[in-house]
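Since every read-out is calculated from the coordinates, none of them should be taken as a lab result. Since the structure is predicted, the reported quantities are computational estimates derived from the model, not experimental observations. Virtual Cβ from ideal backbone geometry, glycine too; neighbours counted across all protein chains shown.
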2 protein chains.
Amino acid sequence: MADDDLVFKALADPTRRFLLDRLFVRDGRTLTELESELDMTRFGVMKHLRVLEEAGLVAARKSGREKLHFLNPVPIRLIHDRWIDKYTERRVSALTELKSELEERK
Amino acid sequence: MADDDLVFKALADPTRRFLLDRLFVRDGRTLTELESELDMTRFGVMKHLRVLEEAGLVAARKSGREKLHFLNPVPIRLIHDRWIDKYTERRVSALTELKSELEERK
DNA sequence: ACTATAGGTGACTAAAAGGTCACATGTCAA
DNA sequence: TTGACATGTGACCTTTTAGTCACCTATAGT
């Protein structure tokens, strides 16, 4: 399997994106902590975390009997760079900033 | 299905990413033109283009009996903004630039 | 030492996605 | 107006993926 394929496949699932969202707010969380926020068994969450880890989106470190999970933003940036060149970046980010401003006013 | 789900699902397939790559180089291509670059029947390619279109990653316009396809980078930028905040962006993009520089020297 | 707690493996089922085909419509150009 | 070309639809099969469960190992703390 190609290197980037793991990243995109990992991002394809809404549960995994939710996990990244939680780690974006604060990382260093354990499996059990993440599981408690999801309507799913521990095994399901464990599988998802493994997929994220193999994709390099999450880095994990064992600490005693716990396993701590951290978000790695680098693969996300590489996605960006693949289809947005430096010249259009200014234009596009201006657009998305406008979009989020408009949505805040709702 | 959630709005962003369509985008991530669309990006999960390597054939669809290849299509985006081709449109990134030059867009306004027809189905037949894109098909000729892939080892797949026209129907497969058509399905993929439809998925990309529904995700908003590709915009299409009919011109006579042809259908022209264009790349829309906005959803890509939104992915970036979801997990990379303004403060870490400088640091991360510095890292990815370093990475691509190193790879060019190979 | 014992017990509760945190995490891990492999097999299994159900749902979703990728790809092809027979068939069909609309458009160009001689 | 006839034939070739570009695109479209629905059914179908196969492969992949999400989620659960029975069972297992390791650490913490009393």
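Observations on the model:
- Estimated dipole of chain B in Debye, rounded to 20 [Cβ of Lys and Arg +1, of Asp and Glu -1, Cα centre]: 200
- For region B:23-106, GluC sites (Glu not before Pro) meeting the loop criterion (DSSP other than H, G, I, E, B) and having at most 13 other Cβ atoms within 10 Å: B:Glu37.
- Per DSSP, loop trypsin sites (Lys or Arg not before Pro) in region A:38-105 with at most 15 further Cβ within 10 Å: A:Arg65, A:Arg105
- Residue-wise HN-Hα coupling along region B:88-100, computed from phi with Karplus coefficients 6.51, -1.76, 1.60 (Hz; x: Gly, Pro): 8, 4, 4, 4, 5, 5, 4, 5, 5, 5, 4, 4, 6
- Region B:47-72 and region A:73-89: distance between their alpha carbon centers, rounded to Å: 22
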